[in-house]
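Reviewing the structure listed below.
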Amino acid sequence: MVRRFVPFVAALCVAACARAPAPVHFFAEGQPRSLADWHVVEVRDGRLAPNAGVLPYDLNTPLFTDYAHKLRTVWMPEGQAARYRADEEFEFPVGTILSKTFYYPRGEGDTVLRSADAGFDARGLELSKVRLIETRLLVRREDGWIALPYVWNAQQTEATLMRGGELVPLTLVAADGSREQADYAVPDQNQCAGCHGNDMKTRALHPLGPKARHLNRDFAYADGNANQVARWAQAGYLADAPAPASAPRNADWQDATQPLDARARAYLDINCGHCHNPKGPGNTSGLWLDAATREPLRLGRCKLPIAAGKGTGDFRHDIVPGRPDASILAYRMVSEDPSAMMPELGRSVVHDEGVQLIRDWIAAMQGGCDTGASTVADAPSARVASK
Amino acid sequence: MASMKHASVLALAVLAAACGRGEQASHTATPEVAAGDAAFAAQFREKLLDAKPGDVIEVPPGRHSFDRSLSLRVDGVTIRGAGPDKSVLSFKGQKAGAEGLLVNANGFTLENIAIEDSKGDGLKVNEAENITIRNVRVEWTGGPKTSNGAYGLYPVKTRNVLIEDSVAIGASDAGIYVGQSRDVVVRNSRAEFNVAGIEIENTVNADVYGNTATNNTGGILVFNMPALSQQGGAVRVFGNKVTKNNTGNFGAKGTPVSSVPAGSGVVVNSNDDVEIFDNDIADNKTANIIVSSVYSTGYKADKAASEFDPYPERINVYGNRLSGGGDSPDGFDLKALKTALYGLNGSFPDVLFDGYVNKARKQGPQICLRDVSGVVNADGPGGYKNPAKDARPYACELPKLPAIDLKRG
């Protein structure tokens, strides 16, 4: 087996090989207290960077997490590769370690910037310019995936296992100088399953990002741009992969040159589809927003809410074609009330740009959901009485 | 639209004159519980993470506060408090999480404990089997408000569920809500000041008995909604006390229960095979018993999942003790209908039927009513224009449904 990433490792070494870093360590059991024990991402020379053999990656359209930027990495033991699957996450071998570091560019004082993720700089994250929040690991063991949330200390020297999660208050400053408070939630270990336990029957955890349709895009590697699916295959991390042109590909939600429907569906797929699919925790609603769903009613078109509670925002249908202001889907995205907002986890502020995309998508739909008939629900007194 | 506004003013005037909202019952104070040991909250979260099958996690007396939701994913765990007025999990000021406690685990028991003031649902049990909820109080302590969480006790997609000796107060949707489940017993519990007291939705095989539902908007609801994993049926509602469910509907519009008129006793909506017997049902101002279709909640056939049956069929009502009620229905249409048929001081009879039927079904809807003061078919399909008081179509017999046996010994 050819050792991977020689060019990439070489590039890192120019900057950081003053002392030889310890290799990545896969713990087959237990829950190491410190992120450093894994040697997946390393603090070195004022930067946080992937260790040798650890490959950074990005997604066509990512999950929104309170405007956090994300450094994602994958590592597999020597000689091991994931098996390609077109629709589900790749079949990863035991020993795989996925990491995701959540961070923000620093603003003035204690603030952080509310900005679009510019993508990964191959030299790593410059610690003086970013605030690290947490690094989550998904580790593939014999008996399945385990999720481990590590929270960074204020000095950004160490991230410590925080199984119970916590709330991190943040002040987000936008480009126009406006400020917004966020209660960034580090999930507790059970809540990891709220998204990654996307099959309620098996209750097994699954990675969500590393699927062909999310990964099928170019990445700025240290040795130049390359398609990620191709690079994973080339690096020996992915077996049986087709040429990138033959693999599914989600739209980049921010790329205005791509069709609106494809961008909206990509956004819904990664932000909602892990729960709202036929097997996921959101299947109780009958609303499915994963990439595979095609039936308009299932996607929310003129669909009645089931157990939305006040998440309806006083609206009747998940999506009313042409009317984002009357659509529950858009309402739940602009709510910051934990009992009404969607997603339920991982967001405390509104993703304005994502909301705009979904509003545009609904606005462009033709038709309507006029219920026509006079109904008990239309009776005014029921509403008056509650005020 | 302008005419709606007028109707609204008129309805308000009628309400003020006739409805007597001023004398509406108010909910009683929540028991005083001192703050619990501050260290317990973090310990409890860790115990939920580390639980092993067979574990009993004890919650000591005191009000234990959480700013994020809790969850459990290990089978065979019991969470046990010292009593619903002693051990309290309080989510007042909660900042994250759509429920108080979320469970995705089989063989779960929650007992002798209270869950208060969660932002969203109190207890949600999603996709699990063999669930026991015993002597649990779920309450929003500020009384009925639209800002309260939706469901109190909320098993969904579950199988073999026992809810007993529990209390749900103040839910902005349903106090006790069992959805998309199979083999369910809800008994000897109390639901007060919720929009729906007890709601059985898209659930197959449920016995609801020995409960008290009072001061809700609707007392006990048996509902079927379209586009879900299964349609419900075979539900028995018996031996309950369903009285004075006259609290104004404070549910968010668009939810299925927001269409429930204040003053509804037992409501069957689009469900088949429901048996309602031996209940005490009284003083529900719209009607003591309502049989309706999801068409009355704003549903249109052309938007529905094609396999869904929106019509209530084989509804068996007999041997209940019914009194009062029907004297001040909620909603302009119903109020106008009542006045037109029975006069300003008159009342609807015990049973109100919205009149949606599957015309292709030659034996009719088989809504069989005995021991009731009468029935009115409101002619919902005809815009309430040709209501009918003829009780003869409802003189039929249906076989009795079997009791639910949870086989718990």
Exercise. Are there any pairs with C-beta distances below 8 angstrom linking a residue in segment A:152-172 that is in a loop (DSSP other than H, G, I, E, B) to a residue that is of a type in the set (Gly, Ala, Ser), with the two at least 6 apart or on different chains, and if so which?
Worked result: A:ASN153/A:ALA159; A:GLU158/A:SER34; A:GLU158/A:ALA36; A:GLY164/B:ALA42; A:GLY165/A:ALA185
Problem set entry | Residue under evaluation B:GLU129, criteria (1) surrounded by fewer than 24 Cβ atoms within 10 Å (Cβ to Cβ); (2) not in a strand (DSSP E or B), criterion not met | (2)
Exercise. Taking strands (runs of 3 or more DSSP E) that do not extend beyond segment B:308-409, which have at least 3 residues that are of a type in the set (Lys, Arg) and in contact with a Cys (Cβ under 9 Å, 6 or more places away or on another chain)?
Worked result: none
Seminar exercise, completed: Filtering segment B:232-249 down to residues that are more than 14 Å from chain A (Cβ to nearest Cβ), more than 25 Å from B:ASP405 (Cα to Cα) and not β-branched (Val, Ile, Thr) yields B:LYS244
For this session: Hey, can you tell me all the residues within segment B:335-355 that are buried (at least 22 other Cβ atoms within 10 Å of the Cβ) and either polar (S, T, N, Q) or within 15 Å of B:TYR295 (Cβ to Cβ) (or both)?
Result: B:LEU352, B:PHE353, B:ASP354, B:GLY355
For this session: Could you please let me know if B:ASP85 is away from every other protein chain (no Cβ under 14 Å), out of contact with any Asp or Glu (no Cβ under 8 Å at 6 or more places or on another chain), surrounded by fewer than 24 Cβ atoms within 10 Å (Cβ to Cβ) and not aromatic (Phe, Trp, Tyr)?
Result: yes
For this session: Would you point out the residue of segment A:285-301, among those that are in contact with an Asp or Glu (Cβ under 8 Å, 6 or more places away or on another chain) and within 9 Å of another protein chain (Cβ to nearest Cβ), that is surrounded by the most Cβ atoms within 10 Å (Cβ to Cβ)?
Result: A:LEU287
Exercise. Does A:ALA330 satisfy being modelled with pLDDT of 90 or more and not assigned by TED's automatic domain parsing to the domain that holds A:THR202?
Worked result: yes
Problem set entry | Which listed residue is in contact (Cβ under 8 Å) with a residue 24 or more places away in the chain and assigned to a loop (DSSP other than H, G, I, E, B), from B:ASN205, B:ASN249 | B:ASN249
For this session: Select from segment B:204-231 the residues that are within 15 Å of B:VAL185 (Cβ to Cβ) and touching a Phe, Trp or Tyr at 6+ places or on another chain (Cβ under 8 Å) and write down the one among them that is nearest to the other protein chains (Cβ to nearest Cβ).
Result: B:VAL208
Exercise. Taking segment B:130-148, which residues are farther than 22 Å from B:GLY81 by Cα and not basic (Lys, Arg)?
Worked result: B:GLY142, B:GLY143, B:PRO144, B:THR146, B:SER147, B:ASN148
Seminar exercise, completed: Flagged in segment A:347-372 as part of a loop (DSSP other than H, G, I, E, B) and either crowded, with 19+ Cβ neighbours inside 10 Å or on the phi < 0 side of the Ramachandran plot (or both), in numbering order, are A:ARG347, A:SER348, A:VAL349, A:VAL350, A:HIS351, A:ALA364, A:MET365, A:GLN366, A:GLY368, A:CYS369, A:ASP370, A:THR371
Exercise. What number goes with the only condition from (1) more than 20 Å from B:GLY120 (Cα to Cα); (2) within 13 Å of chain A (Cβ to nearest Cβ); (3) surrounded by fewer than 19 Cβ atoms within 10 Å (Cβ to Cβ) that B:VAL74 does not pass?
Worked result: (3)
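The values are calculated or read from the model by the stated rules, or taken from the named source; none is laboratory data. All figures in this text were calculated on a predicted structure; none of them were measured in a lab. All Cβ positions, glycine included, derive from the backbone under ideal geometry; neighbour counts span all protein chains shown.
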